[in-house]
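*Asks:* One structure is given below, represented as structure tokens, and several questions about it will come after.
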Amino acid sequence: MSSVEKRQAYWREAIEYCEPQVQVAVDGDKIVGFVGFDRSRDEKTRNTTGEIWAIYAAPSHWSKGVGLALWDAARDGLHEEGCTTVTAWVPLRNERALRFHEMAGFKREMTSAKTAVVGGVKIEEVRLKRPVN
């Protein structure tokens, strides 16, 4: 099974079992973005810490409010779950994603920087954090 097939299977299962919770952005009959969120997967975090597991907007819909709408949906869902803090892991080289999260009030936790392997590729990531409200 290819890396893409594995990720598709993962998100199909996530949608079916609501773990993580998934919200989508649509334009007409097309999905143009999604956000997956739930409790933090990081060890030793409080049960009131949520995490944005993934957030994506199609490039054709960048700077049109899709990312903000997805973030708002995740924040509302995390608030309903009793989360008071939310984190997100973002690749250090993805300046656009870092800028988006920082504009949404997230702050970098530089001591959290780590290397993750995704599809056989090493990616340097940093955790960002903010209050849910």
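The values are calculated or read from the model by the stated rules, or taken from the named source; none is laboratory data. The structure displayed is predicted, hence computed values, not measured ones. Neighbour counts run over all protein chains shown; Cβ positions are idealised from the backbone, glycine included.
*Asks:* Mind checking which strands (runs of 3 or more DSSP E) fall wholly inside segment 63-133 and carry at least 1 residues that are of a type in the set (Val, Ile, Thr), touching an Asp or Glu at 6+ places or on another chain (Cβ under 9 Å) and touching a residue at least 40 places away in the same chain (Cβ under 8 Å)? Before you say what the answer is, go through the steps one by one.
*Replies:* Working: elements: 85-91, 107-118, 121-131.
In segment 63-133, 85-91 are the strands (runs of 3 or more DSSP E) which contain 1 or more residues that are of a type in the set (Val, Ile, Thr), touching an Asp or Glu at 6+ places or on another chain (Cβ under 9 Å) and touching a residue at least 40 places away in the same chain (Cβ under 8 Å).
*Asks:* Residue 12 is checked against (1) of a type outside the set (Ser, Thr, Tyr); (2) more than 20 Å from residue 127 (Cα to Cα); (3) in contact with a strand residue (DSSP E or B) (Cβ under 6 Å, 6 or more places away or on another chain) and fails just one. What number does that condition carry?
*Replies:* All conditions pass for residue 12, except number (3).
*Asks:* Given the options 51, 95, name the one that is modelled with pLDDT of 95 or more, of a type in the set (Asp, Glu) and under 13 Å from the mean Cα position of the chain (by Cα). Reasoning before the result, please.
*Replies:* Numbers: 95 fails: under 13 Å from the mean Cα position of the chain (by Cα).
Sole residue among the options that is modelled with pLDDT of 95 or more, of a type in the set (Asp, Glu) and under 13 Å from the mean Cα position of the chain (by Cα): 51.
*Asks:* Then there's this: Any residue that is touching a Pro at 6+ places or on another chain (Cβ under 9 Å) and closer than 21 Å to residue 7 by Cα - is there at least one of those in segment 105-117?
*Replies:* Let us first name the residues in segment 105-117 that are touching a Pro at 6+ places or on another chain (Cβ under 9 Å), namely 105, 116.
Now narrow it down to the ones that are closer than 21 Å to residue 7 by Cα: 116.
Within segment 105-117 (the criterion being touching a Pro at 6+ places or on another chain (Cβ under 9 Å) and closer than 21 Å to residue 7 by Cα), the answer is yes, since at least one residue qualifies.
*Asks:* Scan segment 15-30 for residues that are in a helix (DSSP H, G or I) and more than 20 Å from residue 72 (Cα to Cα) and jot them down. Full working, then the answer.
*Replies:* Residues of segment 15-30 that are in a helix (DSSP H, G or I), as a first pass: 15-17.
Scanning segment 15-30 gives 16, 17.
*Asks:* Now, a different point. Can you name every residue in segment 45-62 that is closer than 15 Å to residue 83 by Cα and not in a strand (DSSP E or B)? Walk me through how you get there before you give the answer.
*Replies:* Here is the first cut: in segment 45-62, the residues closer than 15 Å to residue 83 by Cα are 45-53.
Result: 45, 46, 47, 48.
*Asks:* Given the condition on the phi > 0 side of the Ramachandran plot and modelled with pLDDT of 95 or more, answer yes or no: does some residue in segment 3-23 qualify?
*Replies:* Of all residues in segment 3-23, those on the phi > 0 side of the Ramachandran plot come to 18.
Applying the additional criterion that residues be modelled with pLDDT of 95 or more yields none.
Checking segment 3-23: not a single residue is on the phi > 0 side of the Ramachandran plot and modelled with pLDDT of 95 or more.
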